[in-house]
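Visitor: Questions regarding the structure given below will be posed in turn.
Derivation of every value follows stated rules applied to the coordinates shown; laboratory data play no part. Treat the numbers as computed from the prediction; the structure is a model and nothing was measured. So basically every Cβ, Gly included, is an ideal-geometry build from the backbone, and we count neighbours across all protein chains shown.
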Ligand SMILES: [Fe+2]
């Protein structure tokens, strides 16, 4: 009987030890659970950047990837790439405590679907398997057709949840997303203006994870993304194709040139950002005088909601129009797409406040668009200047929704704006390429 008692005792002990080790392993795995898995384009079509956050410092972060779907339990046979882990969030202070893991996949084949999982090799701990598809080409006078989804000013409350759900339902329609700044509104909770709110930031990243893990999520900074210091969290979270210290970059995708800049940093003559924008556009135009050029930023030059900045555009008292509009004109920028106004609006081809540069059929100046309709908690803007300025064409809308740009070929693009509640297309147009 005493042997039986001992056996019982030993087996209970074994069970307790097993349970404890499982708990410890689970706790560690929880700390290493990949959060906010994101794709970002680089300037090279054969690359993809993958980032994710963890609560703890993993000893062996890595990406598994293949051109076939796979089971992570077969991980030893799969192509693998070690990731770099930065403890940047803690280094930044402000109570944020996360690690950013980043890996740059190189040597990828064009127009190919890759399956991937991120995780920890030492712990044999991996995420679900996601997939993305690479671009057809980076620099090419001939456009390979593709579509992108575009919106700004989103956050976690208001209509954003509905909007994200609608975009997620059709995410396969889009080659990548552009979020036009004012990402999560993580500066609006009590006491978070300067330091940001990590919980809100992460909740937003969780909400968009079905998008960010499947198509590249390209961004520009907005005035609600400044925390901790000079957009540190924003810059390290999204890892755009520029030095992590910068907030402006360009890339080519299937024959279209995209330039994303920061309206939240100086753009005056001789400022570093102004010089960079001018050089980037000049260099592109030397290679491709007739290609489409799309500029992305947070603050509009032209809008007609009731806010002051629609009548007098300024950043820290200095006009962005005065600094940049003539540069956009000189290098034939076809579209300037922004948010900031919580509304939807577009203009005729514009220069110096005048709409005397033709129509959408081969315009002779830049067309401006505002798509600040992500659905944030501040709600839509309070109304419109009346009567509508002559340069404001199409529908002026206060809907929550998203824009879709279909880049058709070297002479035509199609645009539509979709209301996220009704799924209705509320505005659309064709733009033919203008060369001036
Ligand atoms: Fe804004």
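Visitor: Starting from the Cα-Cα distance between residue 275 and residue 189, subtract it from 0.36 nm times their residue separation and give me the gain in nm to one decimal.
Guide: Taking 0.36 nm per residue and subtracting the Cα distance, the gain is 27.3 nm.
Visitor: Return the FRET efficiency for the residue pair residue 131, residue 377: r is the Cβ-Cβ distance, R0 is 22 Å, and the value is rounded to the nearest 0.05.
Guide: The computed FRET efficiency comes out at 0.10.
Visitor: With a ≥ b ≥ c taken as the square roots of the eigenvalues of the C-alpha gyration tensor of the stretch 386-429, please select rounded if a/c is under 1.5 and otherwise prolate if a/b is larger than b/c or oblate if it is not?
Guide: Cα axes put the stretch 386-429 in the oblate bin.
Visitor: Counting alpha carbon pairs within less than 8 Å and at least 6 residues apart, what relative contact order, in whole percent, applies to the chain?
Guide: 15
Visitor: So how far apart, in nm, are the two label points at residue 416 and residue 77 if each is 7 Å from Cα heading toward Cβ?
Guide: 4.3
Visitor: From a point 7 Å beyond the Cα of residue 67 in the direction of its Cβ, which residues of the stretch 113-134 have a backbone N at a distance under 15 Å?
Guide: What the label zone holds, given the 15 Å backbone N cut-off, is 113-116, 132-134.
Visitor: Need the full-extension length gain, residue 306 to residue 165, defined as separation in residues times 0.36 nm minus the C-alpha distance. One decimal, nm.
Guide: This chain segment gains 47.8 nm when fully extended.
Visitor: Enumerate the residues in the stretch 47-85 having an amide nitrogen under 16 Å from the point lying 7 Å beyond the Cα of residue 30 toward its Cβ.
Guide: So the set is 54-57.
Visitor: With a Förster radius of 22 Å, plug the Cβ-Cβ distance of residue 44 and residue 142 into 1/(1 + (r/R0)^6) and report the FRET value to the nearest 0.05.
Guide: E(calc), rounded to 0.05, equals 0.70.
Visitor: Once you sort the root eigenvalues of the Cα gyration tensor of the stretch 35-133 as a ≥ b ≥ c, which label holds: rounded (a/c under 1.5), prolate (a/b larger than b/c) or oblate (the other case)?
Guide: Verdict is oblate for the stretch 35-133.
Visitor: How big, in percent, is the set of alpha carbon pairs in the chain lying more than 27 Å apart?
Guide: 54
Visitor: Using only the Cα atoms of the stretch 333-436, build the gyration tensor, take square roots of its eigenvalues as a ≥ b ≥ c, and label the shape rounded, prolate or oblate: rounded if a/c is under 1.5, else prolate if a/b is larger than b/c, else oblate.
Guide: oblate
Visitor: Please report the antiparallel percentage of DSSP beta bridges with both residues in the chain, rounded to the nearest 5.
Guide: Approximately 75 percent, going by the DSSP bridge assignments.
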